[in-house]
Amino acid sequence: MSAPVALVTGAARGIGLATARGFLREGWHVAMADRDGDELMRAAEGLEGALPIIADVSRPDQVARMMAEALAHYSRLDALVNNAGVAEFGPIEVCDFAMWRRVMETNLDGVFLCSQAAIPALRESRGAIVNIASISGLRASTLRVAYGTSKAAVIQLTKQQAVELGEYGIRANCVAPGPVNTKLALAVHTPEIRAAYHDALPLNRYGSEEEIAEAILFLCSPRASYITGQVLAADGGFEATGVGLPALRA
Ligand SMILES: NC(=O)c1ccc[n+]([C@@H]2O[C@H](COP(=O)([O-])OP(=O)(O)OC[C@H]3O[C@@H](n4cnc5c(N)ncnc54)[C@H](O)[C@@H]3O)[C@@H](O)[C@H]2O)c1
C-alpha cells in the first residue's frame, strides 16, 4: 500500500509547516497548500515527499484546483488539516465589515470549502479532518470579535462534520491552540496581550509549533480511530483556568 497522504493548508510557515514536517517524519506524503507562493516554495524546498500547491482557501475555484492537483499527484487523501488562518484584532466598534469578511473568508469559509472538496477522497480512505480553531474560539476576549467568532464557528463546523461524515467513516476533530510565537501571533500580540497570556497560562509560557503539530498528528493517525467531534485544546492549561494564577505565583 502507498504511504498515507495529508493535505495541510497554510503550510508555508508556522504551525502548518511544523505539521507538514511532522507528517513527513512519520512516513506520510504531504500536499502543502498556501496562498503565499514565495514562502511556500522556500518552505517546501528539500522536503522529500512534499508537494507545494499555491492556493487561496477562501476561493472556491482555487480550492477545487488545489484538490485536483493533490489527487492527480498522489491518487489518495487520508487527512485534511485546515490550518490556514488570519488574525486581525480590534474593538467591536472598529472592526469594519471588510475586516470581518477578511477574517471569516479564510478562517471559516476556507474550512468549509476545503472540507467539502475533500469529502469524496476522504470517503474512499475513511480518512480524517482536523480543523485548527483557537482558544479564542473557546473563551471570549477583548479585540477578537471577528477572530474569536470565526474560531468558535470552526468548532461548531467540526462537530457538524463529525456528525454528518461519521456515516462514511470520516472523523473530524478540532485542535484549539494556545499562543504560539508565529508570524500571526507576533503581528497581533502586543506586550500587554503577551503579559495577559502569561498571567492566564498554568504552564506560564507560549507553546511551540511542534507541540501543536503533535496534537494534530495524533488526531489524524489511526491512534485516534475512535475519536471524532472533539476539541483538543493544546493550550498550556488556558481553558481550564479561572481567576487567581498571578496571586498564586506572587
Ligand atoms: N499562533 C498562535 O498563537 C495561534 C493560536 C491559536 C490558533 N492559531 C491558528 O493556527 C493556524 C496557523 O497559524 P500560525 O500561527 O501558524 O500563522 P502563520 O501566519 O504563521 O501561518 C499561516 C499561514 O496560512 C497562510 N494563509 C493565510 N490565509 C490563507 C488563505 N486564505 N489561503 C491559503 N493560505 C493562507 C499564510 O500565508 C501563512 O503561511 C491559524 O488557523 C491560526 O488562527 C494560531
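When peptides 77-90, 46-59 are sorted by average Cβ neighbour count within 10 Å, with the highest value leading, the order is 77-90, 46-59. Once the Cα atoms are used to define both axes, helix 209-220 deviates from the longest principal axis of the chain by about 50 degrees.
Between the amide H of Ala233 and those of Ala176, distances stay under 5 Å, these residues lying 5 or more places away or on another chain, with hydrogens modeled in the peptide plane. Computed from Cα positions, the angle between helix 191-200 and the longest principal axis of the chain comes to roughly 90 degrees.
Among the chymotrypsin sites (Phe, Trp or Tyr not before Pro) in the stretch 184-250, those placed in a DSSP loop whose Cβ has at most 16 other Cβ atoms within 10 Å are Tyr226. Available extension along the chain between Ala68 and Val243 is 58.1 nm, counting 0.36 nm per residue and deducting the alpha carbon span. Put simply, when 199-205, 173-179, 96-102, 65-71 are sorted by average Cβ atoms within 10 angstrom per residue, most first, you get 173-179, 65-71, 199-205, 96-102. For Arg42 and Gln116, a Förster radius of 35 Å and the Cβ-Cβ distance give a FRET efficiency of 0.70, rounded to the nearest 0.05. Candidates Ser58, Val8, Ala153 compared by Cα position along the dipole of the stretch 5-249: farthest toward the positive end lies Ala153, with charges placed on Cβ.
Enter the angle in degrees (range 0 to 90, nearest 10) between the Cα long axis of helix 145-165 and the first principal axis of the Cα atoms of the chain, meaning the one along which they spread out most. So the inclination is approximately 40 degrees. Would you mind pulling out the separation of the Cα centroids of the stretch 201-250 and the stretch 94-136, in Å? Taking the Cα centre of each part, the stretch 201-250 and the stretch 94-136 sit 21 Å apart.
Mean silhouette area of the chain, derived from the convex hull of its C-alpha atoms and averaged over all directions, reads 13.6 nm². Projecting the Cα atoms of Pro202, Phe112, Cys174 onto the dipole axis of the stretch 112-225, where Lys and Arg carry +1 and Asp and Glu carry -1 at the beta carbon, places Phe112 farthest toward the positive end. Here the dipole of the stretch 5-249 is about 360 debye; that uses its Cα centre as origin and unit charges on the Cβ of Lys and Arg (positive) and Asp and Glu (negative).
None of the figures in this text is laboratory data; all of them are computed from the coordinates on show. Keep in mind the model is a prediction, meaning the values are calculated, not measured. Neighbour counts are summed over all protein chains in view; Cβ atoms, including those assigned to glycine, are modelled from backbone coordinates with ideal geometry.
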